[in-house]
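Worksheet: the structure to be examined is printed underneath.
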Amino acid sequence: MSVLSGHTINRPVWIFILGCGLLLSTSGCSTILTVAYLFHPEDVPAEYSGLRGKHVVVVCKPIVELEFTDAGTARELAERIGANIRENVRGVKIISQQEVSRWLDENAWVDYPTLGKSVDADLVVGIDLDHFSLHEGSTLYRGRTTIHMQVHDIKDDLIVFDNRMEDFTFPADNINTFS
């Protein structure tokens, strides 16, 4: 037994402390970097900040080839983007993908503003999905996409945000390793 500042520390406590230290020191940089990220995430500010307090519908429209090869991808992507907006933008109301699907089943596709008016949205986040893949080769998971995203203001009949992302890849090729 050791005495440290008048307190006695028994052998199991020392073994636990040494074991934790050994585990942290041999686990590499990934553990340390993960803990560092949890305390200080590298969040990126939004490129468009006009969604606050609005009724927003997120619609992802794939090209014809993707509708058949990755049938649920567009809806899943729209649902996740909507959830991300809901979590990070105060006062926003995201119109459900069920309502979007219901409208698309009952009506022929026209354009984003028409859909926005039909579901009572203030803004439509329209995503044209030109390319999407999750695999590179047979064993490597690497997401790749090309999209054209616009935010349509329904009341003013304007495109208030327009951005094209060519060949976005995650994880990127130039991954920095620190270990």
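Checking the condition β-branched (Val, Ile, Thr), surrounded by 10 or more Cβ atoms within 10 Å (Cβ to Cβ) and at pLDDT below 80, which residue from 31, 8, 26 passes?
Values: 8 fails: surrounded by 10 or more Cβ atoms within 10 Å (Cβ to Cβ); 26 fails: surrounded by 10 or more Cβ atoms within 10 Å (Cβ to Cβ).
One residue alone meets the criteria, 31.
In the range 94-134, of all residues being in contact with a Gly (Cβ under 9 Å, 6 or more places away or on another chain) and free of Cβ contacts under 8 Å to residues at least 40 places away in the same chain, the one that is surrounded by the most Cβ atoms within 10 Å (Cβ to Cβ) corresponds to 94.
Given the condition among the hydrophobic types (A, V, I, L, M, F, W, C) and not in a helix (DSSP H, G or I), answer yes or no: does some residue in the range 73-87 qualify?
Here is the first cut: in the range 73-87, the ones among the hydrophobic types (A, V, I, L, M, F, W, C) are 74, 77-78, 81, 83, 85.
Filter again for not in a helix (DSSP H, G or I), leaving none.
Checked the range 73-87: no residue is among the hydrophobic types (A, V, I, L, M, F, W, C) and not in a helix (DSSP H, G or I).
For the range 101-119, the condition holds for no residue, the condition being that it is within 21 Å of residue 47 (Cα to Cα) and among the polar types (S, T, N, Q). Being within 18 Å of residue 62 (Cβ to Cβ), of a type in the set (Phe, Trp, Tyr) and part of a loop (DSSP other than H, G, I, E, B) is a condition met by at least one residue of the range 102-112.
The values are calculated or read from the model by the stated rules, or taken from the named source; none is laboratory data. Keep in mind the model is a prediction, meaning the values are calculated, not measured. Every residue, glycine as well, gets a Cβ built from its backbone with ideal geometry; the counts of neighbours run over all protein chains shown.
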